[in-house]
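K.L.:
The structure follows.
The values are calculated or read from the model by the stated rules, or taken from the named source; none is laboratory data. Here the structure is a predicted model, which means the values were calculated and not measured. Every residue, glycine as well, gets a Cβ built from its backbone with ideal geometry; the counts of neighbours run over all protein chains shown.
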Amino acid sequence: MTLLISTWIKFFFLFAPFFVVSMFLALTRNDTPAERRTTANKAVLSAACAALILFFFGTTLFEILGITIDSFRIGAGILLFLSAVSLVKEGVRTNAQLPDAPREDSSVVPLAIPTIIGPATIGAILVYGSELKGIDLAWGLSGMFLALFALLVLLHAASWLERLLGVTGLNILSKITGLVLAAMASQIVLTGITGFITSVDIN
């Protein structure tokens with residue numbers, strides 16, 4: 001149960017929910033409430049499918065590419081840290097300028113990929129999926145889906161959050177999310193470096 005809660009919290013921040021909400025508001029600013037709900041459902045479902053594939057086939061991908069888990073930890077941590085810096089510096093973009101003309105469905109691209117499941121998120125999911133085994137794998141997977149469900153709830157409440165918090169409030173929450181992601185990224189990188197040094201000493 002502890003692993004479930006900790007994984008849920010990690011993935012919740014990993015998905016940068018308040019940044020996703022801000023992008024969702026920008027991408028759907030001319031949509032009806034029903035269209036927004038449909039877009040939110042499709043985006044989270046697409047993200048869940050992508051995350052599920054990454055979670056289960058991470059180890060196989062490492063073996064095919066000849067990449068060690070520690071090397072990937074370092075690379076994924078650096079990408080995650082860059083994303084965190086971007087969140088802290090740029091904040092939300094609810095006033096993004098988007099064309100008023102009819103547009104294609106944005107639920108999969110760019111909302112699900114790469115906003116929810118971006119390069120850094122992909123790397124972190126691969127790392128977590130490779131580390132967890134047995135019953136821990138089930139708890140980790142449950143935590144990831146709980147985080148996606150929490151994100152779905154936030155997307156459905158996006159209009160209400162925008163009225164309640166305003167752009168300034170969303171910016172503050174997004175920056176806090178960025179700080180947490182930076183700490184997670186540092187931990188992933190340090191773990192990778194420690195594992196790499198240990199493996200070199202053993203060899």
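K.L.:
Scan the stretch 145-153 and tell me whether some residue there is part of a helix (DSSP H, G or I) and touching a Cys at 6+ places or on another chain (Cβ under 9 Å).
P.N.:
Within the stretch 145-153 (the criterion being part of a helix (DSSP H, G or I) and touching a Cys at 6+ places or on another chain (Cβ under 9 Å)), the answer is no, since none of the residues qualifies.
K.L.:
Moving on. Restricting attention to the stretch 150-168, which residues are in contact with a helix residue (DSSP H, G or I) (Cβ under 8 Å, 6 or more places away or on another chain) and without any contact (Cβ under 8 Å) to a residue 24 or more places away in the chain?
P.N.:
165
K.L.:
Before we move on, is residue 125 buried (at least 18 other Cβ atoms within 10 Å of the Cβ), modelled with pLDDT of 85 or more, in contact with a Leu (Cβ under 6 Å, 6 or more places away or on another chain) and among the aliphatic types (A, V, I, L, M)?
P.N.:
Numbers: buried (at least 18 other Cβ atoms within 10 Å of the Cβ): yes; modelled with pLDDT of 85 or more: yes; in contact with a Leu (Cβ under 6 Å, 6 or more places away or on another chain): yes; among the aliphatic types (A, V, I, L, M): yes.
When the stated conditions are applied, residue 125 passes them.
K.L.:
Taking the stretch 145-173 as the search range and keeping residues that are closer than 17 Å to residue 9 by Cβ and of a type in the set (Gly, Ala, Ser), which one is nearest to the chain's Cα centre (by Cα)?
P.N.:
Filtering the stretch 145-173 for residues that are closer than 17 Å to residue 9 by Cβ and of a type in the set (Gly, Ala, Ser), the one nearest to the chain's Cα centre (by Cα) comes out as 147.
K.L.:
State all residues of the stretch 80-113 that are modelled with pLDDT of 75 or more, surrounded by fewer than 19 Cβ atoms within 10 Å (Cβ to Cβ) and not charged (D, E, K, R); if no residue qualifies, say none.
P.N.:
Matches in the stretch 80-113: 82, 85, 86, 88, 108, 109, 110, 113.
K.L.:
Taking the stated definitions as given, is residue 179 more than 17 Å from the chain's Cα centre (by Cα) and assigned to a helix (DSSP H, G or I)?
P.N.:
no
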